[in-house]
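Heads up: the structure comes next, in structure tokens.
The values are calculated or read from the model by the stated rules, or taken from the named source; none is laboratory data. Just so it is clear, the model here is predicted, and its values are computed rather than measured. A quick note on method: Cβ atoms are made from the backbone with ideal geometry, for glycine too, and the neighbour counts reach across all protein chains shown.
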Amino acid sequence: MTLRDYLPVLVFFAIGLVVGGALLGASFLFRRKRRNKIKELPYESGILATGAVRQRFSIDFYLTAMLFIVFDIELAFFYPLAVVLKSVGVAAVVELTLFVVVLGAGLAYVWRKGALEWR
Amino acid sequence: MIQEAFLVILIKAVVVVFIVVTTFAYLMLLERKLMGRMQLRYGPNRTGPFGLLQPAADLVKMLLKEDFTPAGANKVLFQLAPVMAVFAAVGSLSVIPFGDSVTLWGHHVNLYGTDLNVGLLLVFALSGIGFYGLILGGYASGNKYALLGAARSAAQLVSYEVAMGLSVVGVLMLAQSLSLVDIVHAQADTVWYILLQPVGFILFMLAGLAETNRPPFDLPEAEGELVAGYHTEYGGTKFAGFAMAEYLNMIVVTSIAATLFLGGFSGPWLPGPIWLAIKVFILIVGLIWIRATMPRLRYDRLMKFGWKILLPLATLNLLITALVVGLGFPNK
């Protein structure tokens, strides 16, 4: 496993950019362009747009984002532990159980506090 | 020597992307045909025999659409968003194993982009980057529906990402590797992991449905309330970019599911890529069937389902697997 093994990933990235760019480029070549003030209004079911576009979000979105960061980082800890679990044996199982207990306590706390309720 | 190796990689990558993009075009047709039949309609049948030229007709239509940017949009991000979505989806293809090594014209060729020891992690990371495409698209449109759709998809995707990540930990414990090729070989030596990890498979597929914005979890683009969600203002080839990213993600998720739980490319008689294609096809038909059957969830129930059912179940599954594997049963 050397850095060269990552070269194909870069090649795929490049092709992804080419495919995505080709989509934009193709429409640039073929498109018809008739500008029109009314046409460029944001779509709001046919009526004139009212109010500010970038409104404030419900607090639930922020809560979800914070929960995600916490749990996703814990998830990242699970992966290396899972790979070596069998070779390390009992010690790893004890550690993983403790970790899951802490995680579960956190989830129970968040649950009790009502952060998982969508209002 | 290095140039030759690079050439091989380039050819492989182009072939893989070409095949997958063609599959995407016909996947859309397959979905419309199957949905039509399930709803007692014919589905597209006018362009060519059995409607087989429909993808070409769609492409021409997409290309000739007027390509405009709405007045309130952030010009740069609006153009960039679909490219980003496609980029992440294509990038994930690099680690999917389509088959084992074969010898072609005297060259030793691996039928996968690369075999990384962090393969699965790369797929999850790229699916995280793919979200930015949707979120930027919704944010940059300068449209209320698009912004609401983007906020919803952000919350939904991150919620189900956690459950998805946890549901595969059991497989990692059994295979003792993050490399997708190793996981396939480990299954070929023992049994398909769907037999040892049935709960993990179901959780993965449910979370996968939500990750790819498929019904019944397609809240980000719920047309009854949000018009089209994050891509309300998109049309023409930029819309095609989003559609492509969505279907490529579907192919990636089902390929990963087939690789982790259904033995991937391993199977008797037929060559590896054919086996993978069969498994992926079955899973995708399942996804289309679910779309035709299930009504859409309400948003609060969707979030509740992710955090209160999938997450605890996945954690429990992980703990039980750890106890069984770590304490030496089954002995291999």
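Listing for the model above:
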{"read-out": "Filter result (closer than 17 Å to residue A:69 by Cα, surrounded by 14 or more Cβ atoms within 10 Å (Cβ to Cβ) and more than 7 Å from chain B (Cβ to nearest Cβ)) within segment A:88-102", "value": "A:99"}
{"read-out": "Per-region count, segment B:90-103, residues in contact with a Ser or Thr (Cβ under 9 Å, 6 or more places away or on another chain), within 7 Å of chain A (Cβ to nearest Cβ) and of a type in the set (Gly, Ala, Ser)", "value": "1"}
{"read-out": "Selection from segment A:70-87 of residues that are over 28 Å from the mean Cα position of the chain (by Cα) and loosely packed, with under 14 Cβ neighbours inside 10 Å", "value": "A:87"}
{"read-out": "For residue A:3: the one exception among (1) surrounded by 12 or more Cβ atoms within 10 Å (Cβ to Cβ); (2) of a type outside the set (Lys, Arg); (3) modelled with pLDDT under 80; (4) under 30 Å from residue B:176 (Cα atoms)", "value": "(1)"}
{"read-out": "Residue among B:255, B:266 that alone is surrounded by fewer than 24 Cβ atoms within 10 Å (Cβ to Cβ) and under 20 Å from residue B:16 (Cα atoms)", "value": "B:266"}
{"read-out": "Count - residues of segment A:34-86 that are facing another protein chain (nearest Cβ under 7 Å) and either at pLDDT 80 or above or touching a strand residue (DSSP E or B) at 6+ places or on another chain (Cβ under 7 Å) (or both)", "value": "13"}
{"read-out": "Residues (closer than 30 Å to residue B:151 by Cα and touching a Phe, Trp or Tyr at 6+ places or on another chain (Cβ under 8 Å)) located in segment B:165-205", "value": "B:165, B:166, B:167, B:168, B:169, B:200, B:201, B:204"}
{"read-out": "Residue that is nearest to the other protein chains (Cβ to nearest Cβ) [pool: residues in segment B:294-332 that are touching a residue at least 12 places away in the same chain (Cβ under 8 Å) and polar (S, T, N, Q)]", "value": "B:315"}
{"read-out": "Any hit, segment B:151-170, residues being in contact with a helix residue (DSSP H, G or I) (Cβ under 9 Å, 6 or more places away or on another chain), hydrophobic (A, V, I, L, M, F, W, C), in contact (Cβ under 8 Å) with a residue 24 or more places away in the chain and over 23 Å from residue B:308 (Cα atoms)", "value": "no"}
{"read-out": "When residues of segment B:215-252 are limited to those that are of a type in the set (Val, Ile, Thr) and modelled with pLDDT of 85 or more, the one farthest from residue B:26 (Cα to Cα)", "value": "B:252"}
{"read-out": "Single residue of segment B:104-120 satisfying the filter (in a strand (DSSP E or B) and closer than 20 Å to residue B:267 by Cβ) that is farthest from the other protein chains (Cβ to nearest Cβ)", "value": "B:109"}
{"read-out": "Hey, residue A:29 assigned to a helix (DSSP H, G or I) and either within 30 Å of residue B:68 (Cα to Cα) or facing chain B (nearest Cβ under 9 Å) (or both) or not", "value": "yes"}
{"read-out": "Search result, residues across segment B:35-80 that are more than 10 Å from every other protein chain (Cβ to nearest Cβ) and within 14 Å of residue B:233 (Cα to Cα)", "value": "B:74, B:75, B:77, B:78"}
{"read-out": "Qualifying residue in segment B:49-63 (condition: surrounded by fewer than 14 Cβ atoms within 10 Å (Cβ to Cβ) and in contact with a Lys or Arg (Cβ under 9 Å, 6 or more places away or on another chain))", "value": "yes"}
{"read-out": "Condition met for residue A:68 (among the hydrophobic types (A, V, I, L, M, F, W, C) and not in a helix (DSSP H, G or I))", "value": "no"}
{"read-out": "Subset of segment A:1-26 (residues that are hydrophobic (A, V, I, L, M, F, W, C), assigned to a helix (DSSP H, G or I) and either touching a residue at least 60 places away in the same chain (Cβ under 8 Å) or within 7 Å of another protein chain (Cβ to nearest Cβ) (or both))", "value": "A:7, A:9, A:11, A:12, A:13, A:15, A:17, A:19, A:23, A:24, A:26"}
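Rundown of residues vs (1) within 30 Å of residue B:72 (Cα to Cα); (2) crowded, with 23+ Cβ neighbours inside 10 Å, yes/no style:
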residue: B:107; (1), (2): no, no
residue: B:116; (1), (2): no, no
residue: B:124; (1), (2): no, no
residue: B:132; (1), (2): yes, no
residue: B:137; (1), (2): yes, yes
residue: B:150; (1), (2): yes, yes
